[in-house]
Amino acid sequence: MFFDPEPFNMGLAAIQWLLTLCICCGIALAVVVVLSLSVSGVSGPANVWRAVIRGVRDIVDMSPKRIGAVASLTLKESLRRQDVLVGVVFVLLFMFAGWFLSSANVDTPAKPYISFVLTAIRWLILPVALLLSCWGLPADIKARSLHTVVTKPARRSEVVLGRMLGYSSLMTVGVAIMGLVGYVWITRQVPESAQHQLISRVPQYGQLTYLDRTGAPSFSGINVGDMWDYRSFVEGNTKAAAIFTFKDLNTNRLSQDDQLQLEYRFEVFRTHKGDIEKAVQAQFTLVNEQSGLRVPYPRVPFEVKEFADMQARSAEDDGRLPIITIPRELTYTPEGELSSKTVDLFEDVIHDGTLTVQVRCVDQGQYLGAARTDLFVRLPDKTFAVGYFKAIWGTWMMAILVIVLGTTASTFVKGPVATLLTFAMVLTGLTLRPFMSGVLEQYQQTGVVQGGGMLESAYRMVTQMNTQVELPGGFLTEAIQWIDDRMLQGLLLLQNVIPDFTHFDMTPYVANGFDVPWNNAMMPSIATTLAFILPALILGYFCLQWRELEAK
Amino acid sequence: MNQMSSRNRKLVYMFSILALLIPIGALGMPARERSQPGQPGQSGGKIARLRHEYRLGETTLGDVDPASATMNLVLLGMRGVAGTMLWMQADEQKRMKNWSELEQTTESIIKLQPRFLDVWQFQGWNLAYNVSVECDAVEDRFFWVKKGVKFMLRGTNQNEDASPLYHDTGTMMGKKMGRSDEHKQFRRYFKSDPDPRWEGQADEEINPNGQDNYLVAKEYYNIANEKELLPWVEQHIMERTLFRSYPARSQMDYATAIENDGQFDEVTVNAWKTAHEDWTNVYGREDFLTTGGGIIKLGATDEELQQLADEDPNNDVASKRNWLDRYQKMTNYPYWAARSKVESEPEMVETRRKLYEGKKLFFKQDILQARELLESGLNDLQAIFEKHPILLDEQEMVEDIIKSQLMWFYVLRISGEPNPETFPMMNVWNQNPALVSEMDQRLQERVSDGL
């Protein structure tokens, strides 16, 4: 797995959220004012103002008791409708999953079992949350039961929030049960040889820079012609090196173990066969940038265990684990000196919580490939349950967001349309989001998108014109590009109102034996869900307020 | 309106049901036991027997995987879409070097398409060839080659008559293990697996008897040939005469490989004898339908050729001879017949030993001993090739001779002696100046690198 170690910027996200909320409210208000002018004349804006004031009051003065009552009714109604029957599908899936996952192959790792459980839970919870939330209110309106509720002293904001809470509590119970069953199933089904893979490693990543073959700082290493340019390579037996700088290391905690573990997953590229039975070698140099202290470790270069974490061949052989354990006391011979010296890792090498590790390839003519996540400080492991239940938390957050979106959609459209609308949002947020982000990032950085926007792409496809060829000049091209430009600008605004569902999928972390990090995974998922609750409540309230409840 | 009472109507219904059950049972009763492929169905209803006869049932193709059947059923006709997505996913995982997930995706693909031979061939090749070369450690490479082989073996279990799968399995065990850059290690690991699970023995999933890789490959080539004879089986890997030569060629590869490993004893002699037997008395006796000359046998004598012509109204002896000559050239039949015969003679094995030892001593810088052995070996070769000039038709043999000559010259130069005006196998030297130059350069490089 290839993690993005960049932490989630909560402050920036909050500012962006506030801006988007203000812009959306402003646009909605402007549209409503214009509509009110056309319907009620000059008194229209005053009516809008009164509605807004009432709305603010209805939202601020919500009664927890009444919300609780609506939520409780929602829960009872869901149980009566036997929505929990999805549990049967869950049980069936788990009864027969062993058929698909286990094979005669004893090398099967734990990964497919973990992936299966987390994926199954996510895809079982998703449709239930979707259907429950999208069909509840329209069904009430159709049965006129909502008509009865709104005549009581219950605010419509309380109805919307109560609905959301009711469905959320049901989903919470569902996710909790499935999560527990899934956990027990994993621990029982994973083969004995792969049980050790059920852990939660805690990595601390650093920053990566390079030195070229002359020893000068370089933006990147060498591209060895691999189509996948994730890693950059350093040339062996030259001054080229990959430099990892780990900051903010908790030396107090680490020094309790009297050692530091570094785990790597470098890739090797050979330009000649060399000694085929001998792996390409690398060496670390631990550097204190302040004092200039340079300690080579291990004292003799180590053989790079390429892809060792990806195949079960290494499972029974701890010697193959790609881990370098650095003891507290380091003995080395400084360059140009004959006598050895001993230094303290935490006192002399790590300075102010910062450790720099230079990685060099030792063999001439061979290359060592490194990416930022290829070397990390391995902090003390956590139990598998920690990572697993964090991933379940992610699924729970997703279910709540789907409920929030579905309930809101059901306040202004009927059940089938609300389902389609919410499903489209989930699908876009889940599958198209990375593509959309890539396109918009390119647009923001360069002002253009390779191959153009929607119309230009369509034109190129129809005329079978590749993306490198210039469009023919003329009015049509200008018109296409102008429209595409406006659409991309619109998409720039719109991207903030389409939730990024990829934040909720924490399966890759757990399946690869890593803990789910707070900064990179937990926080974005929580922030995404929270960000949509208030806007959805406001939208749901006003839509339900203005909806003709007599209509079926 | 029906005048029958309710009870009578029910009785009529019941008897009708029973009456209908008899023909349904006779027609549709499932087979009680799985009959062997190629044999008529012995049990079950008429439909079951017909299904077996026309090879329409799942069980006639090979093992039925319940997981695979369930998955295809659950997908409700979306198997194509799911399969395409999985293929794309596998390609992406390969690009991102995510081997463990690639393997799992491959597992899912075969659950969806267990009878689609291309899946087994493509993905098996992918694991054994493309993934294995990405690894740096030889043990890791061997691990992935084994994965590919095991994958193919599962393919043969689920497609019992698929001759191409058996053939490809043989190729992986034979050529992949025996001719890669890492062939020395692979051949060793094949008999003594580096995985601690096998405690120094062969991986019993692919080599239960701990045999040489070429001999196991030969077994699979033999099965491929057996299956290829079944009337409903087709192979489109290569021309049939070449396809069927693989068991004998694998036996020759085995004999060559043990010589390259330095084994020159009775085992080597017997290996070549078996190879000669396989080539001339098994492969050479087979009937092959030519494109224009009817049926021929590659090892046919003049009398047999006459007999074949007598049985064929469309082709006379001249035509048969013409087509035999074409097919013999295509398969290099006379060369391999002569080579296996000569190599099985103890004199040739001894000559090989001398050259092998000579080269080994050369690299150990034992110049005197090397000179003696190389000279003696080349002289012996000269005598053998004078009797069997056809052996020089193959480039491999020519290269072997030139390599020995170059080393011998090198030893002479070191000893301060000039190159002799005449020397053994001089014609080979004179006929291949470009090859001599190229090989000389390679040897010089190796010598300057410290041998």
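Please treat every number below as a calculation from the coordinates, not as lab data. Owing to the predicted nature of the structure, the values given are computational and were not obtained by experimental measurement. Here the Cβ is made from the backbone with ideal geometry for all residues, glycine too, and neighbour counts use every protein chain on show.
In whole Å, what is the distance between the alpha-carbon centres of region A:477-499 and region B:326-347? Between the Cα centre of region A:477-499 and that of region B:326-347, the gap is 73 Å.
Per residue of B:99-106, what is the mean number of Cβ atoms on other protein chains within 10 angstrom of that residue's Cβ? Counting other chains' Cβ atoms within 10 Å and averaging over B:99-106 gives 5.
In chain A, the calculated helix contribution to ellipticity at 222 nm averages -16500 deg cm²/dmol per residue, counting -39,500 (n - 2.57) for every DSSP H run with n ≥ 4. Sorted from greatest to least, the principal axis extents spanned by the alpha carbons of chain A come out as 93, 65, 47 Å. For A:Lys239 and B:Phe423, what does the FRET efficiency come to when R0 = 56 Å and r is the distance between their Cβ atoms, rounded to the nearest 0.05? Efficiency for this residue pair is about 0.65. Points 7 angstrom from Cα along the Cβ direction at B:Gln306 and A:Cys25: gap in nanometres? Label-label distance for B:Gln306 and A:Cys25, simple model: 11.0 nm.
Once the Cβ-Cβ distance of B:Leu76 and B:Leu21 is raised to the sixth power relative to R0 = 45 Å, the FRET efficiency obtained is 0.90. Evaluated at q = 0.12, 0.18, 0.22 Å⁻¹, the base-10 log of the normalised Debye intensity for region A:231-370, with identical point scatterers placed on the Cα atoms, takes the values -0.52, -1.11, -1.41. For region B:345-448, a/c is not less than 1.5, where a ≥ b ≥ c are the root eigenvalues of the C-alpha gyration tensor, and a/b does not top b/c. That puts it in the oblate class. The long axis of helix A:64-80 is offset from the longest Cα principal axis of chain A by roughly 80 degrees. Among B:Trp120, B:Trp429, the ranking by other beta carbons within 10 Å of each residue's beta carbon, starting with the fewest, stands as B:Trp429, B:Trp120. Modelled spin labels at B:His236 and A:Arg57, positioned 7 Å past Cα toward Cβ, are 7.9 nm from each other. In the protein assembly as shown, taking the dipole from charged Cβ atoms about the Cα centre, the farthest positive-side position among A:Val173, B:Thr290, A:Leu432 is held by A:Val173. As a rough footprinting exposure proxy, the listed residues A:Ser115, B:Ser132 were ranked by other beta carbons within 10 Å of their own, and the order from fewest upward is A:Ser115, B:Ser132. Taking one equal scatterer on every alpha-carbon of the protein assembly as shown, how large is log10 of I(q)/I(0) by Debye at q = 0.07, 0.10 1/Å? Taking Cα atoms of the protein assembly as shown as identical point scatterers yields -0.89, -1.36. Using a simple spin-label model with pseudo-atoms 7 Å out from Cα toward Cβ, B:Glu277 and B:Gln263 lie 1.7 nm apart. At an R0 of 56 angstrom, the distance between the Cβ atoms of A:Thr214 and A:Leu35 translates into a FRET efficiency of 0.25. The order of A:Ile199, A:Ile15, going from fewest to most other C-beta atoms within 10 Å of their C-beta, is A:Ile15, A:Ile199.
Compared with the dominant Cα axis of chain A, that is its longest principal axis, helix A:523-546 is turned about 10°.
The GluC sites (Glu not before Pro) of region A:463-549 that meet both conditions, a loop assignment by DSSP and at most 12 other Cβ atoms within 10 Å of the site Cβ, are A:Glu470, A:Glu548. Translational diffusion coefficient, Stokes-Einstein: compute it for region A:1-70 using the Kirkwood radius over C-alpha pairs as Rh, at 37 °C and 0.692 mPa s, and state it as an integer in µm² s⁻¹. The calculation lands on 210 µm²/s. Rounded to the nearest 10 degrees, the inclination of helix A:433-446 to the longest alpha-carbon principal axis of chain A is 80 degrees.
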